[in-house]
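Just so you know, all these numbers are worked out from the coordinates, no wet-lab data involved. It should be emphasised that the depicted structure is a prediction, and the values quoted were computed from it without experimental measurement. Positions of Cβ are backbone-derived with ideal geometry, glycine not excepted, and every protein chain shown enters the neighbour counts.
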Amino acid sequence: MFDDTIVKILGSSYINTPIKTLMSDVQDYTSTIEKENYAYKCTKIIVCEIEPLMQRNFYLNIDNKIYKIIKVDICSEHMEVYLFLMDFKNIKIDGIDNKVLIEEVTEKITYKDEKIIISDFEISTGTIVEYKNYKWFVTSQVAEDSDSYRSRITKVEQSFKMYIDSVLEEVPTIIEVQTQGLDENQYITSAKGNIKLNVQDNLITKKITYDNRILMMGSAWKITGFTTENKGICYFYLEKDEFNQYDNKELEIADFYKHQHTYKINILNIPTSNLTQTLNLTTITPPIQLEVQVTDEDNKILSNPILTFTSSNPNIISISNTGLITPITSGNCTLTVKFNDTIKIINIIVESLPIVDNLSISILGESTTYMNMDEIYNVLVMNNGIEVNGKNVDWSINDITFAKIVSKNGMNCNLKMNMKNKFGIFKLKCWMIDDISVFVEKEIRISRM
């Protein structure tokens, strides 16, 4: 034996970290081993001393490739371990990335592209698998052995479109042609036939029923029956039907024009003039919620329509995804309200207005003090909620027996409390010299220690 190859034993799962590493004699070897009704094509054999961790169905990492132990033969002084290469393929199931084994189907098949999928997680019929940019449909009943799941997948080559609950849905399908022929009478010669559609059994396809129509392969078809004998799969049986005036042959959508509506968007809180709607705002206008109503050709009001709102210039006016508009700066722009393919454009004019002073003042300092204490009080001047400096103010008190103003310097005032054991409340007043109507009074209490 030539123990020149690193073998990492992973245990019962190929995602495990190695539980043991050893040097072994690994040789190329080709054989087919039947196990639990499945033929494994082994490509390697390990000849090594007897190792208890070399167990059937355990996984090994050899040269960064994953192998599964299919068979173990123990001799008197050594063991022979037969390996199956786990050639994993990347797939998606329900949008989630997974790794599985995919093998070609060995038995003779018809026109369908089919493969065998083997996974170490549960899989069911009707599952949609994404592999190599195609969708595949799990069509066979799942076979399960002690540690894996196997089933047959068929490439989904076609799909059909139909309106279900007024929503256009596209359904992946596998078509089985049952009979084809010609039906002749004195008026026309038309193809006749029946097809069977295999689709995933889900919440959407459960709504498809008798006499529903679809367009496929250049023909109209009507559903005459359906069965669900295999879990996860619904089988629809269809027969040829005639086209009608509502069918869209180019898009292959039955009754297409029955579902095409003309909608109108109404903005209820903006006046209409000459068939246009213009909203005049100013830069200080508070946010406005648009009141939008959507009606169809019968003037029926739609409940909870899904709308989109956009501004041609968000620097002038912004609009939220619920239709709340906020002026930003002066200028002209447009707002667009959209429902499906219907749009409504609103002209917006934002004017800049001079800011009107709205001055307010407040006194900062202690509200409670004590006899013979010195206190400094400051004034805070605000204009439209923004602090401003450089304003001239004056100060006074209403009762000089409680305190006296020692000094005042524009924005602050220094008070000296009395020394006469007089306790109580007096008022400190501050006012704007330029506008005596803007003033504030602060009550100050002199308390005992």
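Quick notes on this one:
- Among 44-52, 203-211, the order from most to least packed when residues are scored by Cβ within 10 Å on average: 44-52, 203-211
- With all pairs of different C-alpha atoms in the average, the Kirkwood value for the hydrodynamic radius of the stretch 323-449 is 18.3 Å.
- Simple label model, 7 Å out from Cα along Cβ direction - LYS222 to THR209, nm: 1.7
- Length-normalised contact order for the chain - Cα pairs under 8 Å, 6+ apart - percent: 6
- Percent RCO, i.e. relative contact order, over the stretch 247-291, from Cα pairs under 8 Å lying at least 6 residues apart: 26
- Looking at the stretch 328-449 alone, DSSP beta bridges between its own residues are antiparallel in about 95 percent of cases.
- Packing-based ranking, highest mean first, of 298-305, 257-264 given that Cβ atoms within 10 Å are counted: 257-264, 298-305
- Cross-link pairs exceeding 23 Å between alpha carbons, from the set LYS161/LYS206; LYS300/LYS338; LYS71/LYS132; LYS99/LYS161; LYS41/LYS135: LYS71/LYS132; LYS99/LYS161; LYS41/LYS135.
- Kirkwood-Stokes translational diffusion coefficient of the chain, alpha-carbon pairs, 37 °C, 0.692 mPa s, µm²/s: 103
- Label sites at ILE343 and THR21, each approximated as a point 7 angstrom past Cα along Cα to Cβ, lie 6.3 nm apart.
- Principal axis extents of the C-alpha atoms in the stretch 264-351 (largest first, rounded to whole Å): 40, 28, 20.
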